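Remarks on the structure that follows.
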Amino acid sequence: MTGGLLRLETRRSVMLWMLPLVAMLFWFITYRPSMASPPLWNVRAMAMQTTTLAVFAPTVVGAAAWLGWRERRHRMADLVIGTARPRWARQLATWAATTWWAIVAYLGCVGVLYGVTAWQGAWGGPLWWPAVVGAVSMPAFSALGFVAGVLRPSRFTAPLVAIGVFLALQISLQFIHGDHSYWQISPLVAGPWEIGPDPGVATFYRYLPDLPIAQVLFLAGLTAALLGALGLPAGAGGRCLRRCAAAITAAGLVAAGTAVMLAGTGRLDAHGMIAIPLLHNAGNDRPVRYTPVCSHTPIPVCLHPAYTGYLPAVTEALEPILTEVVGLPGAPVRISQSAAIYEQGPDNRVTISRAGPPTSGTPPVFHLLLPHQMTTDEFAVELRAAAGHSIVNSVVGGGRDANPAQQAVTEAILGTSSVAPPGSPTAAAAQRLAALPTTARRAWLLEHVAALRAGQLTLAQLP
């Protein structure tokens with residue numbers, strides 16, 4: 001009989017009629033923006049967890065709340081008292097049917113997004129933890145809405161609780177300050193909040209499951225507590241059943257409270273993920289092995305294979321500079337992409353820097369940190385300004401303490417005027433050197449670069 005009741009509830013669940021709306025909202029809020037971002041598993045999966053749950057939360061909660069007061073709405077409460085199954089069993093069947101359709105819809109949406117991402121050639125494998133957190137959220141949303149409908153039966157309950165849950169989830173994110181916030185337990189959080197879709201997270205190192213595990217524990221505990229609360233009233237069933245419901249409620253509250261406390265012990269690790277000491281596996285701190293993809297420029301540019309799509313833009317931005325400095329003393333023999341180091345600042349600010357010095361080894365290798373969250377034009381400008389300056393400085397010397405001659409040569413090679421003020425003698429010398437044919441400028445550099453690095457040349461000695 002239980003199976004028949006569940007099949008009946010599944011066929012007539014109002015959640016079934018909400019599936020077209022869910023699919024449309026998912027396409028508009030999650031799928032379209034994801035397709036505008038590069039095909040990186042970490043970027044799309046982490047953004048998917050936040051936006052997809054924002055779509056499903058009000059929809060599932062509203063549908064479950066509408067079903068929660070169905071018996072009162074149809075004035076059937078007295079008619080079903082004499083049925084063979086206790087009220088709690090009937091309620092669980094209705095909740096299970098709503099949850100079933102919510103999970104089917106969620107997995108279908110995630111499957112489409114992940115399938116397209118794989119078809120576009122994303123490196124590595126899918127990140128499953130964001131999808132798991134979303135799937136476990138469906139029973140919790142359904143239970144929350146259903147309990148609200150049972151306890152406050154009204155035609156206004158479904159829209160009000162749907163809007164309330166959506167606002168509560170969004171407002172809770174505003175209380176996240178730093179990496180030790182208890183509010184990180186929200187299922188909308190997939191990593192350090194406000195760090196943005198940083199492609200460097202979960203690329204060079206594994207995606208940490210610490211925070212997702214705490215979120216799954218919280219959601220499972222919340223679901224158990226809500227469903228157990230339905231079995232506590234005297235009319236829900238016999239004394240044994242109510243004791244069982246009380247035990248489930250207590251266990252759920254303990255699990256949810258424990259998860260919140262664990263989230264409050266989280267910290268931002270050096271690789272950009274939230275690590276929770278009691279849940280952390282040190283094996284996840286090992287770097288992921290990969291074979292870099294390299295350009296065929298005079299000085300090869302080698303990137304992580306996840307960034308293969310970035311290679312043409314990086315090569316185009318750096319090739320003029322590499323052509324100028326290749327073979328010169330101090331010039332790198334390879335440009336190799338570097339992992340980033342993340343450090344928590346005040347509130348939610350996160351400092352992102354290069355892991356290690358710009359240049360290391362013999363012969364020297366330049367470690368490149370790619371800029372993030374920029375348009376194509378901004379990407380090229382930022383790359384030339386940051387990496388280009390560092391590469392040229394490794395050849396001409398000086399760095400921050402460069403003398404006027406070193407500044408002029410740097411500006412001439414980069415084709416910029418960011419150091420020397422326009423109209424100054426340094427700027428004039430840079431323009432004069434930049435006007436020389438490439439072969440003549442390179443011949444002069446080969447002959448004088450040692451003296452230039454030693455700081456022995458003046459502006460008057462530049463050609």
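Here are the numbers:
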{"quantity": "Some residue of the stretch 236-245 being assigned by TED's automatic domain parsing to the domain that holds residue 68, buried (at least 20 other Cβ atoms within 10 Å of the Cβ) and part of a helix (DSSP H, G or I)", "calculated": "yes"}
{"quantity": "Close pairs from the stretch 21-32: first under 14 Å from residue 47 (Cα atoms) and assigned by TED's automatic domain parsing to the domain that holds residue 112, partner among the small types (Gly, Ala, Ser) and in a helix (DSSP H, G or I), Cβ under 8 Å, at least 6 apart", "calculated": "29/54; 30/47"}
{"quantity": "For residue 154: the one exception among (1) of a type in the set (S, T, N, Q); (2) at pLDDT 90 or above; (3) over 21 Å from the mean Cα position of the chain (by Cα)", "calculated": "(2)"}
{"quantity": "Meets criteria (farther than 30 Å from residue 292 by Cα, within 17 Å of the chain's Cα centre (by Cα) and part of a helix (DSSP H, G or I)) for residue 173", "calculated": "yes"}
{"quantity": "The listed residue being outside any helix (DSSP H, G or I), over 30 Å from residue 303 (Cβ atoms) and touching a helix residue (DSSP H, G or I) at 6+ places or on another chain (Cβ under 9 Å), out of 142, 154", "calculated": "154"}
{"quantity": "Filtered residues of the stretch 396-408 (kept if among the hydrophobic types (A, V, I, L, M, F, W, C) and in a helix (DSSP H, G or I))", "calculated": "396, 405, 408"}
{"quantity": "For residue 54: the one exception among (1) within 25 Å of residue 167 (Cβ to Cβ); (2) surrounded by fewer than 20 Cβ atoms within 10 Å (Cβ to Cβ); (3) of a type outside the set (Ser, Thr, Tyr); (4) free of Cβ contacts under 8 Å to residues at least 60 places away in the same chain", "calculated": "(4)"}
{"quantity": "Options 217, 169; residue that is farther than 30 Å from residue 368 by Cα, without any contact (Cβ under 8 Å) to a residue 60 or more places away in the chain and of a type in the set (A, V, I, L, M, F, W, C)", "calculated": "217"}
{"quantity": "Test result for residue 334, more than 21 Å from the chain's Cα centre (by Cα) and modelled with pLDDT under 90", "calculated": "no"}
{"quantity": "From the options 433, 457, residue that is in contact with a helix residue (DSSP H, G or I) (Cβ under 6 Å, 6 or more places away or on another chain), surrounded by 12 or more Cβ atoms within 10 Å (Cβ to Cβ) and more than 19 Å from residue 391 (Cα to Cα)", "calculated": "457"}
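Here is a yes/no grid of residues against (1) at pLDDT 85 or above; (2) within 46 Å of the chain's Cα centre (by Cα):
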{"position": "414", "(1), (2)": "no, yes"}
{"position": "421", "(1), (2)": "no, yes"}
{"position": "425", "(1), (2)": "no, no"}
{"position": "431", "(1), (2)": "yes, yes"}
{"position": "437", "(1), (2)": "yes, no"}
{"position": "454", "(1), (2)": "no, yes"}
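Condition check ((1) free of Cβ contacts under 8 Å to residues at least 24 places away in the same chain; (2) among the hydroxyl-bearing types (Ser, Thr, Tyr); (3) in a helix (DSSP H, G or I)) across all residues:
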| site | (1), (2), (3) |
| --- | --- |
| 342 | no, yes, no |
| 348 | no, no, no |
| 363 | no, no, no |
| 379 | no, no, yes |
| 394 | no, yes, yes |
| 410 | yes, yes, yes |
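The values are calculated or read from the model by the stated rules, or taken from the named source; none is laboratory data. Quick caveat, the model's predicted, so the values are computed rather than measured. Please note: Cβ atoms are built from the backbone with ideal geometry, for glycine as well, and neighbour counts cover all protein chains shown.
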